[in-house]
Amino acid sequence: MPSLTTCEYKPIALPILCKEQANELISHCSKAPYGRGEQTIYDDNVRNTWQLSPSQFRVSNKKWDQMIDNLINDELKPGFGINEHVEVKCSLYKLLLYEEGGHFEFL
């Protein structure tokens, strides 16, 4: 499993299993907004979520890159009909940590 290291080089094991561990990670986060049209909105009633930018953490499991490459080549490319010779790259955009019940409500 991957593990995280925060910008202060504090390791955080995954999956997060207790509230204390989640609170430690949240202490490095900012509130995550959502968009509606061209608006950026912060509303915990809609999305109760915290975020870290890639500069604030790193995935520290040595097997992570290989796992992502396998996922891209074995699942994503065939699933989307992408030729095996086409290079597909992924990059971290941000890490989101949802509070319990903090996901979008789909009506």
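Only a single criterion out of (1) surrounded by 12 or more Cβ atoms within 10 Å (Cβ to Cβ); (2) charged (D, E, K, R); (3) closer than 30 Å to Glu8 by Cβ is not satisfied by Lys77, namely (3).
Across region 8-24, the number of residues qualifying as within 22 Å of Ile68 (Cα to Cα) and not in a strand (DSSP E or B) comes to 3. For region 69-94, the set of residues classified as at pLDDT below 90 and either among the aliphatic types (A, V, I, L, M) or in contact with a Ser or Thr (Cβ under 8 Å, 6 or more places away or on another chain) (or both) consists of Leu92 only. Applying the condition of being in a strand (DSSP E or B), in contact with a helix residue (DSSP H, G or I) (Cβ under 9 Å, 6 or more places away or on another chain) and modelled with pLDDT under 90 to region 46-66 and asking which residue is surrounded by the fewest Cβ atoms within 10 Å (Cβ to Cβ) yields Val59.
Could you check Tyr98 against (1) farther than 29 Å from Ala13 by Cβ; (2) in contact (Cβ under 8 Å) with a residue 40 or more places away in the chain and say which number it fails? Going through (1) farther than 29 Å from Ala13 by Cβ; (2) in contact (Cβ under 8 Å) with a residue 40 or more places away in the chain one by one, Tyr98 breaks only (1).
Among residues of region 27-43 that are free of Cβ contacts under 8 Å to residues at least 12 places away in the same chain and over 15 Å from His103 (Cβ atoms), those with a Cβ under 7 angstrom from a residue that is surrounded by 11 or more Cβ atoms within 10 Å (Cβ to Cβ) and of a type in the set (D, E, K, R), sequence gap 6+ or separate chain, pair up as Tyr42/Lys31.
Could you please find all residues in region 1-33 being closer than 13 Å to Ser60 by Cβ and either open to solvent by 80 Å² or more (accessible area, probe 1.4 Å) or not hydroxyl-bearing (Ser, Thr, Tyr) (or both)?
First pass over region 1-33, keeping only residues closer than 13 Å to Ser60 by Cβ: 1-7, 9-14.
Within region 1-33, Met1, Pro2, Leu4, Cys7, Tyr9, Lys10, Pro11, Ile12, Ala13, Leu14 qualify.
For region 42-72, a residue qualifies if it is of a type outside the set (Asp, Glu) and over 20 Å from Tyr93 (Cα atoms), and the qualifying residues are Asn45, Val46.
Which of the residues spanning region 55-68 are under 12 Å from Thr6 (Cβ atoms) and touching a Ser or Thr at 6+ places or on another chain (Cβ under 8 Å)? Gln56, Phe57, Arg58, Val59, Ser60 - these are the residues of region 55-68 that are under 12 Å from Thr6 (Cβ atoms) and touching a Ser or Thr at 6+ places or on another chain (Cβ under 8 Å).
In region 72-107, the residue that is farthest from Cys18 (Cα to Cα) out of those that are of a type in the set (D, E, K, R) and assigned to a loop (DSSP other than H, G, I, E, B) is Glu84. Exactly one residue out of Asp69, Asp43 is open to solvent by less than 100 Å² (accessible area, probe 1.4 Å), acidic (Asp, Glu) and not in a loop (DSSP other than H, G, I, E, B), and it is Asp69.
The values are calculated or read from the model by the stated rules, or taken from the named source; none is laboratory data. Everything numeric here is computed off the predicted structure, so don't read it as measured data. Cβ sites come from the backbone with ideal geometry, for glycine too, and all protein chains shown count toward neighbours. The protein model used for the area step is the full one, side chains on, heavy atoms only, and it has no ligands, DNA or RNA in it. Shrake-Rupley method; radii C 1.70, N 1.55, O 1.52, S 1.80 Å.
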